[in-house]
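Here is the structure we will look at.
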Amino acid sequence: MRNKSIHLLTVVLFVSFMLSINGAVKAQSNGGAAPNQPPMAEKKSKTTTIHGDTLVDDYFWLREKTNPAVLAHLKAEDAYTETVMKPTAALQEKLYKEMLSHIKQTDTNVPYRWGNHFYYTRTEEGKQYPIFCRKRGSLEAPEEIVLDQNELAKGQKFMSIGLFVPSDDGNLLAYSTDNTGYRQYTLQIKDLRNGQLFPERVERVNNLAWASDNKTYFYVTEDAVTKRSDKFFRHVLGTDKTDLVYDEKDELFDIGTGRSRDKAVIFLELYSKTSTEVRYLPANDPNASLKVILPRQPEHEYDVDHRGDLFYIRTNKGAKNFRIVTAPVSDPSEKNWKEFIEHRPAVKLDAISLFADHAVLSEWENGLQHLEIVDFKTNKRKRIQFLEPVYSAGLSANREFNTSVVRYSYNSLVTPNSTFDYDMNNGK
């Protein structure tokens with residue numbers, strides 16, 4: 001009932017706010033201080049012809065960010081808005097305080113295990129950004145602040161954290177920040193033992209994966225003009241050794257890197273809208289050459305995970321809604337594929353997540369999301385049961401491979417966003 005009351009109050013306040021604005025505008029148009037019309041941008045026609053079609057844009061010039069006329073127009077719009085909205089200032093403040101009163105400003109998200117530490121973020125009242133923390137071994141251990149986004153934001157108009165990837169031994173953190181708002185991230189490495197930053201700074205980094213040696217990492221960068229992720233590098237921390245491992249020349253393809261949950265394999269995924277290619281190398285041999293799992297083919301989309309001596313390949317080859325096959329790491333070519341999860345015309349297979357003794361399938365059926373557990377020991381499958389008729393559910397932070405517990409998030413029209421740990425052995 002509390003949620004319904006909040007929603008109703010929000011609607012009432014919003015309607016009151018809009019009525020106040022309407023009244024303010026009418027009052028000003030009948031002799032108030034504000035001008036009757038907002039500032040009008042000058043029309044400067046620009047004609048563009050594309051594939052025989054001619055387009056005319058009268059306001060193309062407004063994208064010229066450094067043009068003094070553009071800046072002057074924007075300032076005039078701001079001034080007009082401020083004048084029109086001035087009579088509603090008290091109501092704006094009331095609305096802001098009302099909405100803020102329903103937000104728990106000092107809060108902590110659910111800790112998740114990653115290696116020897118439990119990681120979480122927390123917020124403090126009056127601070128704009130979260131604080132990234134961890135505890136070693138147990139939740140009763142002392143807190144260690146890993147990154148304080150509020151400190152990083154000092155002197156900046158904007159601050160966003162992109163990558164957050166600790167090394168296997170937990171001593172180093174690879175993280176990236178964007179202070180532009182344009183998703184343009186700069187990579188840095190922090191030594192969590194002493195809080196010092198390594199001198200390496202890499203611009204326009206989108207993905208990263210650590211090798212097993214805790215000093216070599218692989219990363220993907222984007223093109224400065226197109227923002228297409230196209231280059232894959234290897235770097236040894238503390239040295240000037242940086243190698244371009246792969247450069248994707250096809251402009252239809254982007255690339256991304258990641259590491260399997262069992263930490264054995266580093267993947268490089270090359271993907272367009274309708275075609276995929278995956279390459280890999282062993283995480284314990286960072287100087288190894290990339291190998292191709294299956295060369296790209298038109299209309300063939302696939303992704304890969306690893307467990308034991310097998311690759312698990314989710315593919316749409318002969319399966320519009322996708323199926324999953326296994327292939328030996330020694331030779332994952334199509335002739336060695338074996339069916340693991342069959343294609344089902346009524347079920348969209350979105351993803352597979354591998355653990356030591358289980359696989360979790362993320363699926364869609366009849367417009368609803370489902371999570372299905374596969375027990376490798378018994379080969380039995382069972383779905384996690386959600387009792388409400390309409391809901392949203394999906395896997396949450398699951399960093400550990402050797403576990404029988406999978407974490408998922410769940411919410412519905414009557415249930416707020418909630419986090420659950422599900423025991424895949426006993427179904428609790």
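Values in this text are rule-based calculations from the coordinates and carry no lab data. As the structure is a prediction and not an experimental result, all values here were calculated from the model. When we count neighbours, we look across all protein chains shown, and the Cβ atoms used for this are built from the backbone with ideal geometry, even at glycine.
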Quiz prompt | Low-density loop positions, trypsin sites (Lys or Arg not before Pro), the range 141-200 - DSSP coil, at most 10 other Cβ in 10 Å | solution = 154, 157, 193
Quiz prompt | Amide H contacts under 5 Å for residue 246, placed H, 5+ residues apart | solution = 232
Quiz item: Pulled fully out, how much extra length does the chain show between residue 405 and residue 106, if you take 0.36 nm times their separation in residues and subtract their Cα-Cα distance?
Solution: 104.8 nm
Quiz item: What net charge do the residues around residue 329 carry, taking every other residue with its C-beta under 14 Å from that of residue 329, with Lys and Arg at +1 and Asp and Glu at -1?
Solution: -1
Quiz item: If you stretched the chain out fully between residue 241 and residue 193, how much longer would it get, using 0.36 nm times the residue separation minus the C-alpha to C-alpha distance?
Solution: 14.9 nm
Quiz item: Efficiency by 1/(1 + (r/R0)^6): what FRET value for residue 64 and residue 273, r their Cβ-Cβ distance, R0 = 25 Å, to the nearest 0.05?
Solution: 0.20
Quiz item: Which value, in debye to the nearest 20, gives the size of the charge dipole of the range 245-400 about its Cα centre, when Lys and Arg are +1 and Asp and Glu are -1 at the Cβ?
Solution: 460 debye
Exercise. Restricting things to alpha carbons, tell me how big the range 293-420 is in terms of Rg and Dmax, in Å.
Key: 15.6, 50
Quiz item: Which ³J(HN,Hα) values in Hz, rounded to whole numbers, follow from the phi angles of the range 81-91 under the Karplus curve 6.51 cos²θ - 1.76 cosθ + 1.60, where θ = phi - 60° and Gly and Pro get x?
Solution: 4, 4, 5, 5, 7, 4, x, 9, 4, 5, 5
Practice problem: Output ³J(HN,Hα) for the range 407-415: one whole-Hz value per residue in order, computed from phi by the Karplus curve 6.51 cos²θ - 1.76 cosθ + 1.60 with θ = phi - 60°, and x for Gly and Pro. | Solution: 9, 9, 10, 8, 7, 8, 5, 10, 10
Self-check item: Segments 55-66, 102-113, 268-279, 359-370 sorted - mean Cβ within 10 Å per residue, highest first
Solution: 268-279, 359-370, 102-113, 55-66
Quiz item: Given +1 on the Cβ of Lys and Arg, -1 on the Cβ of Asp and Glu, and no further charges, what dipole in debye does the chain carry about its Cα centre, rounded to the nearest 20?
Solution: 760 debye
Exercise. Do me a favour and compute the ellipsoid semi-axes for the chain from its Cα gyration tensor, root of five times each eigenvalue, largest one first, whole Å.
Key: 44, 30, 27
Quiz item: By a straight-distance test (C-alpha under 27 Å), which lysines pair with residue 215 as possible cross-link partners, with residues fewer than eight away in the same chain excluded?
Solution: 135, 190, 231, 241, 263, 291
Quiz prompt | Gain upon complete extension [residue 158, residue 136; 0.36 nm per residue less C-alpha separation] | solution = 4.8 nm
Quiz item: 222 nm [θ] for the chain, helices only, -39500 (n - 2.57) per DSSP H run of 4+, per residue, to 500?
Solution: -5000 deg cm²/dmol
Quiz item: If you build the Cα gyration tensor of the range 165-263 and take the root of 5 times each eigenvalue, what three semi-axes come out, in whole angstrom, biggest first?
Solution: 23, 16, 12
Self-check item: Lys/Arg +1, Asp/Glu -1 at C-beta; the chain dipole; positive extreme among 176, 412, 138
Solution: 412
Quiz prompt | Fraction in percent of alpha-carbon pairs per bin - 10 Å, the range 53-94 | solution = 24, 30, 25, 17, 4, 0
Quiz item: Taking Cα atoms of the range 380-428, Rg/Rh with Kirkwood Rh, to two decimals?
Solution: 0.98
Quiz item: Of 283, 202, 379, whose Cα points farthest to the positive end of the dipole of the chain (charges on the beta-carbon: +1 Lys, Arg; -1 Asp, Glu; origin at the Cα centre)?
Solution: 379
